[in-house]
Amino acid sequence: MVAPPIDTSKLRRLRITSRRTVTQLAADAGCTKGALSAIEHGRRRPSPALLGRLADALGIDPGELLLPDDSTAQAS
């Protein structure tokens, strides 16, 4: 299963507005700070499980971090 693309700028913005460092959010989501940094910079996509843990740590639905699907946007 391919990890879906996420809105990396939204992830970073939510982390900052929750007043957490990369290290703090990574600990809350159960990943390394290097992994979270790579995700925020678009060098890596989170697994579905990690996406869920990040969303839980931020208090949002995982779908809020996903980028819109271009195929459905073009079909409209």
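The values are calculated or read from the model by the stated rules, or taken from the named source; none is laboratory data. From a predicted model like this one, the values you see are computed outputs, not experimental measurements. Note that each Cβ is placed from the backbone with ideal geometry, even for glycine, and that neighbours are counted across all protein chains shown.
Do you know which residues across segment 7-47 are under 10 Å from the mean Cα position of the chain (by Cα) and in a helix (DSSP H, G or I)?
Of everything in segment 7-47, those that are under 10 Å from the mean Cα position of the chain (by Cα) and in a helix (DSSP H, G or I) turn out to be T8, S9, K10, L11, R12, L14, R15, L36, I39, E40.
Note down all Cβ pairs under 7 Å where the first residue falls in segment 15-28 and is within 13 Å of E40 (Cβ to Cβ) and buried (at least 16 other Cβ atoms within 10 Å of the Cβ), the second is modelled with pLDDT of 95 or more and of a type in the set (D, E, K, R), and they're at least six residues apart or on different chains.
Hits for this filter: V22/K33; L25/R15; A26/K33.
Can you name the number of the only condition in (1) at pLDDT below 95; (2) part of a helix (DSSP H, G or I); (3) surrounded by 14 or more Cβ atoms within 10 Å (Cβ to Cβ) that A73 fails?
Evaluating A73 over (1) at pLDDT below 95; (2) part of a helix (DSSP H, G or I); (3) surrounded by 14 or more Cβ atoms within 10 Å (Cβ to Cβ) leaves (3) as the failure.
So which pairs qualify, if the first residue must be in segment 46-58 and free of Cβ contacts under 8 Å to residues at least 24 places away in the same chain, the second must be not in a helix (DSSP H, G or I), the Cβ gap must be under 8 Å, and the two must be at least 6 apart or on different chains?
L50/G30; L50/C31; A55/D61
Residue check: is K33 over 14 Å from L67 (Cα atoms), at pLDDT 95 or above and surrounded by 14 or more Cβ atoms within 10 Å (Cβ to Cβ)?
In short, yes.
Report whether or not A57 is surrounded by 14 or more Cβ atoms within 10 Å (Cβ to Cβ) and part of a helix (DSSP H, G or I).
Here the answer is yes, as A57 does meet what is asked.
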